[in-house]
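Just so you know, all these numbers are worked out from the coordinates, no wet-lab data involved. As the structure is a computational prediction, the values presented were derived from the model and not from experiment. For neighbour counting, all protein chains shown are included, and Cβ atoms are generated from backbone atoms with ideal geometry for every residue, glycine included.
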Amino acid sequence: MTNPATPTIKASDLFVKALEAEGVTEIFAVPGEENLDLVESLRTSTIKLILTRHEQGAAFMAATYGRLTGKPGVCMATLGPGATNFATPAAYAHLGGFPLIMITGQKPIKTSKQGQFQIIDVVNLFDPICKMSRQIVHGNTIPALVREAFRLASEERPGAVLLELPEDIAEEPCDAVVIPPHPRYYAQACDTVIGAAANLIRAAKMPLVLLGAGANRKDVRSALSDFIDTTGIPFFCTQMGKGVVDERSALFLGTAALSDNDYLHCAIDRSDLIINFGHDVIEKPPFFMEVGGKQVIHVNYKSAKVDEVYFPQVEVVGDMAASIAQLQDAVGGDLNLDTRYFETVRAEVEHHLGEGVDDPRFPVTPQRFVADTRRAMGDTDIIALDNGIYKIWYARNYKAYEPNTVLLDNALATMGAGLPSAMAAAFVHPERRVMAICGDGGFMMNSQELETAIRMKLNLVVLVLNDSSYGMIRWKQSAAGFDDWGLEFENPDFVKYAESYGATGHRIMAADDLLTTFEAAFAAGGVHLIDLPVDYSENQKALIDELAAKACLL
């Protein structure tokens, strides 16, 4: 029965008002007929509907919007096949820790004349890869469910939430009111645990700081930089921790791009304490713990998930920026450190990073195209990587100077996310240069979003690394001693393909043309695709042979 004091409102209108109250300004979507009431409500709202060409593109863009802003990105799809196309981006946000709200439609749940046509249990399908997955069964529950969805999606550790809005619920009248959001604060670590962590740090002779994905938060950068500068402790990062602290620092040892046996692991193996800011076991482990081995301090918003390779002895849990400041006060800056070996490792890493940066060979080698990318991009400019062997090269060789300027996925490590992620970055930061870096395999998985990028009037450079194969798996195949078989394919003419959408296409014909093409494309503005033939023969030499022979330096 309607409350006479509260005017009735259509449920889809109430849903949109709840989204507006959360600060939503755009929704990335491929709608279906089951979403039409919601689409009509959006038409008269302040929220912009950004139509994409595939549900994956919509959800990858929304997840990256959340990654960059800290506010949940929102995407929408219909029931059945539309919803299932959200599964990979949902897992991407779930494992990567990106705040994401997915809205899906459904057939009427009170009465239906279509039997089971297109109907699957979407809510239970998504439950294992979401922080919450719920069907809305009455319009009056919308305000509470939307508020809870945004709270859960953005609360540490962030992730994905799915809300299913059936079409008969969307059109029904209700009399609920929007619940406004409120500020959220994290507790601070207690003095006892701060003291225990500080004692371990003061007692260590060869400590290292590890920066993980959870430290890639805008309020953490300053505190961590101060901690490292004050204590003088050398640091390294995971792939998703790149840029948390400026990697031009003399204390930066490198990125843990490989699971083990890289130059950086020489330093990790020799250290007696790892102070771990923001890492969790979802990222490929940058070091391996063993009982009786090195001490580990876990500093994060949440307690550690214990794993057979990760079981920290001290956990500093709470607001990370506050925890870092507390630790710095407790530790002070007068530490008795022995960094001589770490300096040797750093010199070795820097030597190898300098190799091949001007290599004139064509097709172009990884060292050269990574170096030219770094030359073209400013301190705050953004590269968004798809997944392939080149991701390891960029993680090792491309120094990041600011947080969230290297967008890669080392959690789900899915192909197909690079282009939509770069599009979201260009949308959020139109003042920066943004480059999508994709293998030819990953690019073709969502290449149709070039049309979306052009329609959105984005300024974006898309670098397609062309080796006509699934290069990462081919490398692994070779490393395992198997025959080179079954992983090659033919590509379209990428220049003509780009031009067919209205983008500008470029084909690199010599190594020295790459940097000048980058500069010309960014200067011209709009969407540009660069077809770059690449030579991955350096993989064996640099990532296998040289590392096998290094004998940990000394």
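Among the cysteines of the chain, those with no neighbouring cysteine Cβ under 4.7 Å are Cys75, Cys130, Cys174, Cys190, Cys237, Cys438. When only the Cβ of Lys, Arg, Asp and Glu is charged (+1, +1, -1, -1), the dipole of segment 354-545 relative to its Cα centre reaches about 440 debye. Residues Thr517, Thr104, Thr25, ranked from the fewest to the most other C-beta atoms within 10 Å, line up as Thr25, Thr517, Thr104.
Estimated from helices alone, the mean residue ellipticity of the chain at 222 nm is -10500 deg cm²/dmol (sum of -39500 (n - 2.57) over DSSP H runs with n ≥ 4, per residue). Against the chain, whose longest principal axis comes from its Cα atoms, helix 418-428 is set at around 70 degrees. Test of understanding: extend the Cα→C-beta vector of Tyr186 to 7 Å, then name every residue of segment 202-224 with backbone N under 13 Å from that spot. Within reach of a label on Tyr186: 212-221, 223-224. Simple point charges give the picture: +1 on the Cβ of Lys and Arg, -1 on the Cβ of Asp and Glu, and for segment 9-174 a dipole about the Cα centre of about 320 debye. Distance between the 7 Å Cα→Cβ label points at Glu343 and Ile120: 5.9 nm.
The percentage of C-alpha pairs in segment 191-347 whose separation is greater than 22 Å is 32%. Annotation: extensible slack from Ile473 through Thr44 equals 149.6 nm (criterion: 0.36 nm per residue apart, minus Cα-Cα distance).
With the charge dipole of the chain set up from +1 on Lys and Arg Cβ and -1 on Asp and Glu Cβ about the Cα centre, the Cα lying farthest toward the positive end among the listed residues Gly416, Phe311, Gly502 is that of Phe311. Please name which of Pro403, Ala321, Leu543 has its Cα lying farthest along the dipole of the chain towards the positive end, using unit charges on Cβ (Lys, Arg +1; Asp, Glu -1) and the Cα centre as origin. So the residue we want is Ala321. Think of the chain as a dipole: +1 on every Lys or Arg Cβ, -1 on every Asp or Glu Cβ, centred on the Cα centre; then among Leu463, Val296, Leu253, Val296 lies furthest on the positive end.
Remark: segment 501-508, residue by residue, has Karplus-estimated 3J(HN,Hα) of 8, x, 7, 9, x, 9, 10, 7 Hz, where x stands for each Gly or Pro and the curve is 6.51 cos²θ - 1.76 cosθ + 1.60 at θ = phi - 60°.
Count Lys and Arg as plus one, Asp and Glu as minus one, and take only other residues whose Cβ is under 12 Å from that of Ala511; the net charge is then -4.
About its Cα centre, the dipole of the chain is roughly 780 debye, where the only charges are +1 on Lys and Arg Cβ and -1 on Asp and Glu Cβ.
Which angle from 0 to 90°, rounded to the nearest 10, does the C-alpha axis of helix 320-331 make with the longest principal axis of the chain? Helix 320-331 and the main axis of the chain meet at about 30 degrees.
With coordinates expressed along the principal axes, the C-alpha atoms belonging to the chain extend over 79, 62, 44 Å, beginning with the largest.
Charge tally around Asp372: other residues with Cβ under 12 Å, Lys/Arg +1 each, Asp/Glu -1 each, net -2.
A cut-off under 11 angstrom between Cβ atoms defines the neighbours of Gly416, and their net charge, with Lys, Arg +1 and Asp, Glu -1, is -3.
Compared with the dominant principal axis of the Cα atoms in the chain, helix 513-524 is inclined by about 40°. In segment 9-174, the ratio of gyration radius to Kirkwood radius, Rg to Rh, stands at 0.93 when only Cα atoms are counted.
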